[in-house]
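Okay, structure first, notes after.
The values are calculated or read from the model by the stated rules, or taken from the named source; none is laboratory data. Predicted model, so just to flag it, every value in this text is computed and none were measured. Heads up, the Cβs are rebuilt from the backbone with ideal geometry, glycines too, and the neighbour counts pull from every protein chain shown. The protein model used for the area step is the full one, side chains on, heavy atoms only, and it has no ligands, DNA or RNA in it. Shrake-Rupley method; radii C 1.70, N 1.55, O 1.52, S 1.80 Å.
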Amino acid sequence: MTIKDKGLAAYQIRNELKEAARLLMKDQTAAEWLDMNEPPKSLRSLIQKAYNRNFVGDNTWEYVIESAQRTRKEVDAALELTRINHGPKL
């Protein structure tokens, strides 16, 4: 599997898990708020962000993979979640 394939898979899996988590949230009002105000980032926007940081080639896909492993600070704050360090990212 190429780094691009891994990046695309990581992006897709993250968005699928995010959607599933929102469907399973006890507070569906909060889930609806998230859907409207914090939608999943598009692949295009992630690629653009990587480009803006001067990432090219495999570095772009490594950025996409890393971004799929991070939480979004804004969402954590809105839901009053505590960020936990689960060790090194793979």
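With a 1.4 Å probe and all protein chains left in place, how much of the accessible area of region 1-82 comes from carbon and sulfur atoms, in whole percent?
In region 1-82, the share of accessible area belonging to carbon and sulfur is 55 percent.
Only sites in a loop by DSSP and with at most 11 other Cβ atoms within 10 Å count here; which trypsin sites (Lys or Arg not before Pro) in region 1-81 make the cut?
K26, R53, R70
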